[in-house]
Every structure is written in structure tokens, then in C-alpha cells.
Amino acid sequence: MPAMETIPTQTMLDQLNWRYATKRFDPSRRIPDETWNALEDSLVLTPSSFGLQPWRFVVVTDPAVKERLVPASWGQTQPAECSHYVVFAAKTDISEAYIDHYLRRMADVRNVEVDSLSQFSGMLKGYLLPPPAGFDVRRWTALQTYIALGNFMTCAAMLGVDTCPMEGIEPAKYDELVGLTGSGFATVVACAAGYRGEGDRHATLAKVRFDKSEVIQRV
């Protein structure tokens, strides 16, 4: 397989330094379809433990729904002002039926028989049905969604799209507003995406990060 093309390391660092948690979006600017489709693909391509992808991503673009999310976001206006708003939801449990669904998908994509995956199936079910003592499946699936959130924000920065992760939200109210109630998925976190608006002083503030020597340990 030929080597993949890479971007210059400085380009990566420049974009990561450019991004910030955008407080004010320009509501008149919409993310182009081609760019947004690539960002949706970045969500789909997010890695997950065992490859189980225990999540759902609800993309909200309806202005009325976005407005209703503002009160459920501690009054923060990013949901209403941004171009696209993504609700990151996690599966509330992992069932045998879900594992079998994943294995059928794997067999289809890799053009193999489901029976050939019996060893992997046994490992998954042996570990997760039921999970070992002290292993909180719901917490685990919630943490998995944060991998997707980080991947999404990084990819957005590479494409020049602003984002703001949203943890100051009412998850149960979000579930109701975006149709997740009773779906087997529950809101964990959200992320606004679009383009920064004029006058957001946070855009020009220097990043405050601990020195590399303080946060990276080499052994």
C-alpha cells in the first residue's frame, strides 16, 4: 500500500492554535455541504473500543429546534447561532442483539461469513454479557463519545471550522428535544460548529496551556 500523504506538521499546529471554544458564532454563515459531509464522515470514522461504536450523533440544523436547545443549555446561545449543532449520545446498554448486529456489519464489510467471527463474538459476549464486576457500561459508552467529540473538533479545526464543546446542558431535556427519549441512546455532550462571529474577544486571547515538560512524562 502506498504511503499516505501528510500535512506539514506546522500546518497541524497552526490549526490547533487557531481553534478555540467559540463563544459567539456568525449566524449568517453556513458550513458548505462538502465540508459538513466530510465532518460527518469524521464522526463515522472515529475509533471505539472493540469497534462497537456505541453512539449516535444527532445533527441539528432546524432553527426552531436550535432555539429550543438554548434554555436547556444554561442559556448559552451557541446552539442557536451556530451553523450545525451535534448532540453526542451514548448507548445506554450493550445487548447481545447489538453485538450480533455489529458482527453482521463486520462480516458484510469484510466479505466474510459471520461464523468466521465466532472467536471474536465469544470474546465480546464473554466480556460484556454481563460485564465484569465494577464495570459501568453506561459510563463506558459515555466516555467513548468523548473520543468522537475530540476527533470531530480536531477535524473541524483542520478544515477551518470553529467549534465549541457544550457540557453545560440538561441531558434529559436534550433527549426530549431531539427525539432520543426511549431510543436506547442518551445525550452526553454536544458541540456547536460554524464560523466565529465578530467581537468574540475569546478569539484573540492567548492559549493558556501548561508547559510541555509539566504534562508530558517520558520513561
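Read-outs throughout are calculated quantities, based only on the coordinates presented, and are distinct from any laboratory measurement. From a predicted model like this one, the values you see are computed outputs, not experimental measurements. We place every Cβ from the backbone using ideal geometry, glycine too, and count neighbours over all the protein chains shown.
Brief remarks on what is shown
- Phi to ³J(HN,Hα) by Karplus 6.51 cos²θ - 1.76 cosθ + 1.60 over region 28-42, Hz, x for Gly, Pro: 8, 9, 10, 5, x, 4, 4, 5, 5, 4, 5, 5, 4, 5, 5
- Once backbone amide H atoms are built at 1.01 Å from N, T22 has T163, C164 as its partners under 5 Å, excluding neighbours fewer than 5 places away on the same chain.
- Each of S213, A21, Y127 was scored by the projection of its Cα onto the charge dipole of the chain, and the greatest displacement toward the positive side belongs to S213; charges sit on the C-beta of Lys, Arg, Asp and Glu.
- Alpha-carbon geometry of region 81-158: the Rg and the Dmax are 16.1, 49 Å, given in that order.
- Simple label model, 7 Å out from Cα along Cβ direction - D211 to F50, nm: 4.4 nm
- Greater than 18 Å apart at Cα, pairs in K66/K207; K23/K173; K23/K66: K66/K207; K23/K173
- Positive-pole candidate from A190, A156, Y98, dipole of region 85-217, charges at beta carbon: A156
- Local net charge near P130, Cβ-Cβ under 14 Å (Lys/Arg +1, Asp/Glu -1): -1
- Under a Gaussian network description of the chain, with springs only between Cα atoms under 10 Å, the residue in V208, V58, V161 that fluctuates furthest is V208.
- Charge dipole (the chain, unit charges on Cβ, about Cα centre) - positive-most of A203, T6, W36: A203
- Kirkwood-Stokes translational diffusion coefficient of region 46-186, alpha-carbon pairs, 25 °C, 0.890 mPa s, µm²/s: 145 µm²/s
- Computed on region 1-115, with alpha-carbon pairs under 8 angstrom and 6+ residues apart, the relative contact order is 27 percent.
- Highest-fluctuation residue, A172, A133, A89 considered, GNM on the chain with Cα pairs under 10 Å: A133
- The chymotrypsin sites (Phe, Trp or Tyr not before Pro) of region 1-94 that meet both conditions, a loop assignment by DSSP and at most 16 other Cβ atoms within 10 Å of the site Cβ, are W74.
- Fraction in percent of alpha-carbon pairs per bin - 10 Å, region 1-115: 10, 27, 31, 23, 8, 0
- Geometric descriptor of region 155-200, per residue, is 104 Å³ (volume of the convex hull of the Cα atoms).
- Cα-centre dipole for the chain with unit charges at Cβ (Lys and Arg positive, Asp and Glu negative), debye to 20: 500 debye
- Potential extension, T154-A133 segment - 0.36 nm per residue separation minus Cα distance: 4.1 nm
- Take every Cα pair under 8 Å whose residues are at least 6 apart in sequence, average their separation, divide by the length of the chain, and the relative contact order is 35 percent.
- From the alpha carbon centroid of region 140-205 to that of region 1-78 is 7 Å.
- Restricting region 120-186 to chymotrypsin sites (Phe, Trp or Tyr not before Pro) in coil, as DSSP defines it, with at most 15 other Cβ within 10 Å: F135
- Full extension of the chain segment joining E198 with E113 gains 25.1 nm, where the gain is 0.36 nm per residue of separation less the Cα-Cα distance.
- All distinct Cα pairs of region 10-59 go into the 1/r average, and the inverse of that average, the Kirkwood radius, is 13.8 Å.
- For the chain, built as a Gaussian network whose Cα springs stay under 10 Å, the top-fluctuating residue of G194, G168, G122: G122
- Karplus (6.51, -1.76, 1.60) ³J(HN,Hα), θ = phi - 60°, over region 62-75, in Hz, Gly and Pro reported as x: 5, x, 5, 5, 4, 5, 5, 6, 4, x, 7, 10, 6, x
- For region 132-219, the gyration tensor built on C-alpha atoms gives an oblate shape. Its axis ratio a/c (a ≥ b ≥ c) is at least 1.5, and a/b is not larger than b/c.
- Taking the empirical scaling 2.2 N^0.38 Å for compact globular proteins as reference, region 55-98 has a Cα radius of gyration ratio of 1.44.
- Here is how the number arises for the chain: DSSP H runs of 4 or more residues each give -39500 (n - 2.57), the sum is divided by the residue count, and the result at 222 nm is -12500 deg cm²/dmol.
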